[in-house]
Amino acid sequence: MWKYLYKDWATCRLFVLVVFPFYLLYGVIAHMADGIFFLFHIMLALALSLLPLIMEERYQSDTWLCSLPVCRWEVVAVRYVTVFLVITLMLLLYALFGALLGWLLPRQHTLPLLHPGMVIAFYLLPLLAVSLFLPFYFRYGLSRGFFRMNMSVLGLLLAVMIVLELRSSLGGLWRYLSSPEFLGAPLRTLLGGFVGWLKAGGIGLVVLSGLLSVPVISLALSVRFYGRREL
């Protein structure tokens, strides 16, 4: 796996070295606006996570790699490991560069430089975005995968909008189905307890579990799609 990671670095290092001075410049500019410095590093982590895919598509190195005696699931797994490493490195760079700028160019911030909630957001946002894209990439390639992902996201948003529009009309039906006349007192009590548990914090647990399962599902789909793809 380390050989694959080194291949990605060897492919992308020239681009990274060229962009690094511009990162320092825009980092100083972002530091002057509260919260922008944090978002700037999240967007950069997302872009650098996708950079090996762009370079791989440009040089068709995946075709050459799969001609060697390697397992395709390893090629897929390396992509997810690369994303995690890039996010971790960008988080460390954010903390170190932010502390340095705070010392050289002190200014009053309403947000702290780093706290646990920011660490969770720093990992989740790029990881979820890339996890959404990678199954499409391994199934269709870079450009076709990006197009199909956008179409799928638009379709999902349309379905959500339709559900929200129907919510008002379904509200009366839900009130009837949850009424004592329809459910009976014991079932209504059980349902009320479940709803109360969700309001007390279960919703956050369910949402967090769902978000953490996205990369796992994405990895399984990517392995399946790439194993069947003709290169």
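Tabulated results
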| quantity | calculated |
| --- | --- |
| Pairs, first over 13 Å from Leu96 (Cα atoms) in the stretch 21-34, second open to solvent by 70 Å² or more (accessible area, probe 1.4 Å), C-beta under 7 Å, six or more apart | Ala30/Ile36; Met32/Arg107; Asp34/Thr110; Asp34/Leu111 |
| Yes/no for Met43 being in contact with a Ser or Thr (Cβ under 6 Å, 6 or more places away or on another chain) and either under 21 Å from Leu134 (Cβ atoms) or part of a helix (DSSP H, G or I) (or both) | no |
| Selected residue [out of contact with any strand residue (DSSP E or B) (no Cβ under 9 Å at 6 or more places or on another chain) and within 17 Å of Leu125 (Cβ to Cβ)] from Leu101, Leu85 | Leu85 |
| Number of the condition not met by Pro106 [criteria: (1) farther than 27 Å from Tyr6 by Cβ; (2) open to solvent by 70 Å² or more (accessible area, probe 1.4 Å); (3) part of a helix (DSSP H, G or I)] | (3) |
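The values are calculated or read from the model by the stated rules, or taken from the named source; none is laboratory data. Since the model is a prediction, treat every value here as computed from it, not as a measurement. Note that we place each Cβ from the backbone using ideal geometry, even for glycine, and neighbour counts take in every protein chain shown. Accessible surface areas use protein heavy atoms only, side chains included; no ligands, DNA or RNA. Shrake-Rupley method; radii C 1.70, N 1.55, O 1.52, S 1.80 Å.
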